[in-house]
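J.: Pasting a structure here, questions to come.
The values are calculated or read from the model by the stated rules, or taken from the named source; none is laboratory data. A quick note: this is a predicted structure, and the numbers were derived from the prediction, not measured. Note: ideal-geometry Cβ built from the backbone for every residue, glycine included; neighbour counts use all protein chains shown. Accessible surface is based on the protein model in full, side chains and every heavy atom, while ligands, DNA and RNA are left aside. Shrake-Rupley method; radii C 1.70, N 1.55, O 1.52, S 1.80 Å.
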Amino acid sequence: MHRVSVSSRQQSTAIPGRKMGGFVGLQIFGPNRLRHVYSEVWHPLGSSHLAHDDGGTVQRTSAHVCATEATVVGVEDALEFTPELSHGEKAISLMVALGICGSVYMLTKPLTLSAAYACGMAVLCGCVLFITYAYQIEKKYRVLKRPATELGGMNSKWMAVDAVKLHVTVEGLPDKSKACIRHAFHCLHGFGSHTFSYSMIQKKLAEDLSALVSAHDFCGFGLSQRPHDGKYYSMRFHGEAGLDIIEQLLADQVKGDATAMPAVKKILVGHSMGASAVAEALIHDEDERIAGVVLIAPAIVCGWTTPATKKQSQSRKDGIINEFLLFIDSMFETEDSLNSSSSSVGSKGGKHAGKIVGDFLRVFMSLLRALLAEFINVIFRVARPILQVAIHPLVFPRQFWSSGLSQAVRKLKIQASMDWKRYVDGYRMPVLVENWEEGLMRFVSARITARNGLLHELRRVLHPENTMLQAERLRDACNKRNVPVLIVHGSDDGLVPVGNSHRLVECLPHASLVTLDCGHCPHEEMPQEFIKVVEQFVRSKL
């Protein structure tokens with residue numbers, strides 16, 4: 001029996017509960033510990049922020065934009081902030097660069113000033129100038145940073161899963177009988193996103209299905225902790241954390257009395273990269289806790305040998321380039337214990353030549369993945385300080401996010417229900433979290449290098465039974481546990497080809513595919529239609 005503590009500013013109680021995989025404790029900071037800066041949808045922006053005095057009461061403080069450590073900067077002002085160096089600061093950067101170059105010249109004392117020497121000095125001066133300039137800009141960005149708890153919303157909780165604090169948003173029916181809850185959803189977001197992605201559907205889905213609907217930020221994104229240990233950035237960890245979060249939230253509602261908890265069907269929802277985390281949770285769900293899964297534009301690579309539908313074979317917009325890039329993305333799928341026998345996805349009675357080509361591609365991609373991982377690992381170690389300084393000017397501006405989101409979603413679809421600027425800033429908000437850029441680099445480094453080392457990949461090549469794609473392992477898990485799968489994909493998805501989902505639904509038993517007239521984010525672009533599809537799936541399959 002494992003004791004789980006629940007604490008807030010006013011109370012501290014201990015609640016017994018069963019031992020859960022990955023859970024060593026739970027700590028929830030209640031509403032009195034939150035600093036609310038957003039008030040609509042998820043965190044609509046305001047030009048001031050809320051602070052708490054020692055008694056826990058909320059007080060509004062004014063915000064002024066000024067890059068000094070003594071200034072309190074509101075969230076809206078912080079997101080609008082564009083750092084600029086004063087003439088004095090620019091002069092300091094120039095003087096430092098000239099001083100270093102002058103010192104090098106005095107130390108070397110060349111007899112003749114060659115062209116190579118002059119070029120070298122120019123490069124040195126440029127590098128020093130860039131570093132000093134970027135350092136001063138970075139200092140201004142860091143003034144805007146704040147603890148994650150100051151950016152949480154009304155429905156935010158911080159839950160410790162395996163000693164790592166995850167930011168969780170929850171919608172449900174706390175003011176009604178707990179017996180009416182029959183379904184519990186947990187949502188996992190895609191790369192570059194966070195729980196804001198589900199804010200358009202979370203409350204409505206909870207109301208329509210009398211369900212508990214939760215979501216959490218992956219480590220490295222949103223408001224969750226950014227630990228050093230690479231295991232907390234794996235897809236399996238976050239998939240299983242979703243199940244643990246559901247069970248703990250349900251246990252909290254009945255005050256830890258497991259016998260009073262009604263039979264609740266647990267459903268995992270994953271978008272893009274989050275779908276890979278859902279798949280890992282299902283593959284390793286030996287206790288059969290998962291009742292169903294919803295995959296939104298899943299970034300789960302389905303092999304080329306899977307037969308496409310007749311419609312897809314006649315008219316495919318994907319192209320071989322997109323398919324190859326999606327196959328490259330399988331480097332992010334590698335997890336522990338690949339223990340099933342090898343076979344091509346969907347290659348039922350396929351030709352021997354196709355199997356040979358498939359095996360060759362597996363070996364080639366394994367070695368390529370290993371070499372690429374080693375190269376990126378070296379780059380990260382050498383360039384880490386420079387990357388940390390350079391990432392803010394690149395990622396902080398609104399235009400960066402607006403351009404990226406315009407490629408992922410149909411802008412007009414979003415604008416039908418929300419102001420585009422508010423939508424973009426909802427995605428941008430976590431850049432204000434302390435160590436945000438460090439967490440992003442840790443995530444990318446861990447996902448690419450943690451399980452893709454050269455020796456590990458060579459072992460996988462020598463033992464072909466361990467070279468199965470995630471789609472193949474997911475197929476075996478669905479066969480074994482009879483878990484229904486709903487796949488929802490936008491017909492105009494420019495990031496993950498819809499053809500991949502057509503092959504995936506043919507590969508997976510008990511799977512159905514619904515395509516909506518939208519881009520990469522059906523739950524954001526068409527929330528009402530998406531909710532209807534999920535409700536129909538739940539009522540017919542669960």
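J.: Can you tell me which residues in the range 57-110 are open to solvent by less than 70 Å² (accessible area, probe 1.4 Å), part of a loop (DSSP other than H, G, I, E, B) and at pLDDT below 75?
T.: ALA63, CYS66, ALA67, THR68, THR71, VAL73
J.: Please identify the pairs in which a residue from the range 437-448 that is small (Gly, Ala, Ser) has its Cβ atom under 6 Å from the Cβ atom of a residue that is open to solvent by 20 Å² or more (accessible area, probe 1.4 Å) and assigned to a helix (DSSP H, G or I), counting only partners at least 6 apart or on another chain.
T.: SER445/PHE380; ALA446/GLY230
J.: Is there a residue being in contact with a helix residue (DSSP H, G or I) (Cβ under 9 Å, 6 or more places away or on another chain), modelled with pLDDT of 85 or more and charged (D, E, K, R) anywhere in the range 392-401?
T.: Yes, because at least one residue in the range 392-401 is in contact with a helix residue (DSSP H, G or I) (Cβ under 9 Å, 6 or more places away or on another chain), modelled with pLDDT of 85 or more and charged (D, E, K, R).
J.: Within the range 511-534, can you find the residues that are surrounded by fewer than 16 Cβ atoms within 10 Å (Cβ to Cβ) and closer than 15 Å to ALA211 by Cβ?
T.: Listed by number, the list holds a single entry, LYS532.
J.: Further, regarding this structure: Against the condition open to solvent by less than 10 Å² (accessible area, probe 1.4 Å) and out of contact with any helix residue (DSSP H, G or I) (no Cβ under 6 Å at 6 or more places or on another chain), how does SER501 come out, does it pass?
T.: yes
J.: Separate question: With respect to the numbered conditions (1) modelled with pLDDT of 85 or more; (2) more than 17 Å from MET273 (Cα to Cα), which one is the sole condition not fulfilled by GLY404?
T.: Failed condition: (2).
Yes/no per residue for (1) free of Cβ contacts under 8 Å to residues at least 12 places away in the same chain; (2) assigned to a helix (DSSP H, G or I); (3) of a type in the set (A, V, I, L, M, F, W, C):
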| position | (1), (2), (3) |
| --- | --- |
| SER214 | no, no, no |
| CYS219 | no, no, yes |
| TYR232 | no, yes, no |
| LEU249 | no, yes, yes |
| SER276 | no, yes, no |
| GLU280 | no, yes, no |
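J.: Shifting gears a bit: Quick one: LEU495 ticks every box in (1) modelled with pLDDT under 85; (2) closer than 25 Å to PHE196 by Cβ; (3) open to solvent by 30 Å² or more (accessible area, probe 1.4 Å) bar one, so which box is it?
T.: LEU495 satisfies every listed condition except (1).
J.: Kindly indicate whether LEU542 is under 23 Å from LEU212 (Cα atoms) and out of contact with any helix residue (DSSP H, G or I) (no Cβ under 9 Å at 6 or more places or on another chain).
T.: Numbers: under 23 Å from LEU212 (Cα atoms): yes; out of contact with any helix residue (DSSP H, G or I) (no Cβ under 9 Å at 6 or more places or on another chain): yes.
Here the answer is yes, as LEU542 does meet what is asked.
J.: So VAL128 fits all but one of (1) in a helix (DSSP H, G or I); (2) modelled with pLDDT of 90 or more; (3) open to solvent by 30 Å² or more (accessible area, probe 1.4 Å); what number is the exception?
T.: Here VAL128 clears every test but (3).
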